[in-house]
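Heads up: the structure comes next, in structure tokens.
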There are 6 protein chains.
Amino acid sequence: MPYIKVNMTKGATTEQKAQLIEGITELMVKILDKNPSSTQVHIEEFETDSWGIAGRSVKKLRAEGKTANISKK
Amino acid sequence: MPYIKVNMTKGATTEQKAQLIEGITELMVKILDKNPSSTQVHIEEFETDSWGIAGRSVKKLRAEGKTANISKK
Amino acid sequence: MPYIKVNMTKGATTEQKAQLIEGITELMVKILDKNPSSTQVHIEEFETDSWGIAGRSVKKLRAEGKTANISKK
Amino acid sequence: MPYIKVNMTKGATTEQKAQLIEGITELMVKILDKNPSSTQVHIEEFETDSWGIAGRSVKKLRAEGKTANISKK
Amino acid sequence: MPYIKVNMTKGATTEQKAQLIEGITELMVKILDKNPSSTQVHIEEFETDSWGIAGRSVKKLRAEGKTANISKK
Amino acid sequence: MPYIKVNMTKGATTEQKAQLIEGITELMVKILDKNPSSTQVHIEEFETDSWGIAGRSVKKLRAEGKTANISKK
């Protein structure tokens, strides 16, 4: 029954999403012996002005080069 | 106060969404005696390459005709 | 693939939850022709001091009898 | 570690989102002494036909001028 | 219609939760002119072994005093 | 900034949760080059009467031995 939701900023390719779905499902089976046929992985991507950390949007942090705590792209 | 979130792949019409909002709200009132005026239903739709089951994306499963465990459309 | 999450305050019986799971699944099949075998319904219940509407917790609103916009129980 | 998700209908400007991210982060620090560097605020916006209250979509309620319990825009 | 979900580790008092519900609702009204009567704030609290950052659980990070990027309590 | 939420039925040990947090974070770094210091993994566990598939709760499906599409434990 596991349902895994991945929230991240935009930019992943279809191939990267496929790898993520496969990799997370494998972890659920390997670590927790979950049944893959009911394991769902759901990926959602967001604009960088809709996500903030430490009170500032990722869009601003990237524009200012302050990427020590966030991803560069 | 109930808040119901429906996550599904893209394709529903505005009319189908309206039926879903109405039907789920009726269930909350009928089964649990919830107050409809604070019952919210929220529908979110996703691309088929962003949702996986059994380690593979819905997009791939449909392309291969493997729809025994997923919806055909 | 649909995944439906119901968020509500505590108090439902196991029987009521079973009715909700059945009823919502039927709606997904009837309105949207979804495949029931991959339709998941997930119910989560919360304490009344952890949910607020109009800026006040449900616990307070109930204690004051202000239940016009919320459920009485 | 707090993760705050704001779900609302479409229409906010980038500036309003920035204010929201800043304001909510300040509340988490002030009220709960949370560490801002791991406090994330995530804003998601939806179409008005995908959100319902009292069994009807926001789109319909607005079209009919029934906005006593919802926002006008 | 806004629905705001706050996810954080356990430990807030009922009074702190009430302040959070009030404060976030005020922000939604002030910044976005949202209708408070349909603005819902929902707080959920988790155990420290169920939340991880940088690949390690908050429980472990706190036990080791590595709290530069997380809250101390 | 990624925020990954794992929803599953109860029963994982603290050690298994730690492995899951570590494994998912590694995937995010390896596949998408995400910054681990802002990658959060959040695990939530539910009772088996609060989760349903194909219109029936996991609790009932397990009691009846119908575990072809769900996990056995």
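Restricted to region C:21-51, and to residues that are among the small types (Gly, Ala, Ser) and over 13 Å from the mean Cα position of the chain (by Cα), which residue is farthest from B:VAL58 (Cα to Cα)?
C:SER50
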Please state which one of E:ALA54, E:ALA18, E:ALA68 is more than 14 Å from chain F (Cβ to nearest Cβ), among the hydrophobic types (A, V, I, L, M, F, W, C) and farther than 30 Å from D:LYS59 by Cα.
-> E:ALA18
Only one of (1) within 23 Å of F:TYR3 (Cα to Cα); (2) modelled with pLDDT of 95 or more; (3) open to solvent by 10 Å² or more (accessible area, probe 1.4 Å) is not met by E:GLN19, so which one is it?
-> (1)
Here are A:GLU47, A:GLU26: which of them is at pLDDT 95 or above and open to solvent by 10 Å² or more (accessible area, probe 1.4 Å)?
-> A:GLU26
In region C:50-73, residue farthest from B:MET8 (Cα to Cα) [restricted to those that are surrounded by fewer than 18 Cβ atoms within 10 Å (Cβ to Cβ) and hydrophobic (A, V, I, L, M, F, W, C)] = C:ALA63
Residue among F:LYS59, F:LYS30 that alone is part of a helix (DSSP H, G or I), farther than 16 Å from A:THR39 by Cβ and either in contact with an Asp or Glu (Cβ under 6 Å, 6 or more places away or on another chain) or small (Gly, Ala, Ser) (or both) | F:LYS59
A:ALA12 being without any contact (Cβ under 8 Å) to a residue 24 or more places away in the chain and within 21 Å of D:GLN40 (Cα to Cα) = no
Determine whether region F:41-51 contains at least one residue that is part of a strand (DSSP E or B), among the hydrophobic types (A, V, I, L, M, F, W, C) and over 19 Å from D:GLN40 (Cα atoms).
-> yes
Scanning region F:1-16 for residues that are in contact with a helix residue (DSSP H, G or I) (Cβ under 8 Å, 6 or more places away or on another chain) and farther than 25 Å from C:ILE4 by Cβ gives F:MET1, F:THR14, F:GLN16
How many residues, within region B:29-51, are more than 9 Å from chain D (Cβ to nearest Cβ), among the aliphatic types (A, V, I, L, M) and closer than 16 Å to C:GLU26 by Cβ?
-> 1
Only one of A:VAL41, A:VAL6 that is within 20 Å of D:THR39 (Cα to Cα), among the hydrophobic types (A, V, I, L, M, F, W, C) and open to solvent by less than 10 Å² (accessible area, probe 1.4 Å) | A:VAL6
Spot the failing condition for F:LEU32; the list is (1) without any contact (Cβ under 8 Å) to a residue 60 or more places away in the chain; (2) touching a Lys or Arg at 6+ places or on another chain (Cβ under 6 Å), and only one is missed.
-> (2)
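The values are calculated or read from the model by the stated rules, or taken from the named source; none is laboratory data. Please read all numbers here as calculations on a predicted model, not as lab measurements. Positions of Cβ are generated from backbone atoms using ideal geometry, with glycine treated the same way; all protein chains shown enter the neighbour counts. Just so you know, the surface numbers come from the protein's heavy atoms only, side chains and all, with ligands and any DNA or RNA stripped out. Shrake-Rupley method; radii C 1.70, N 1.55, O 1.52, S 1.80 Å.
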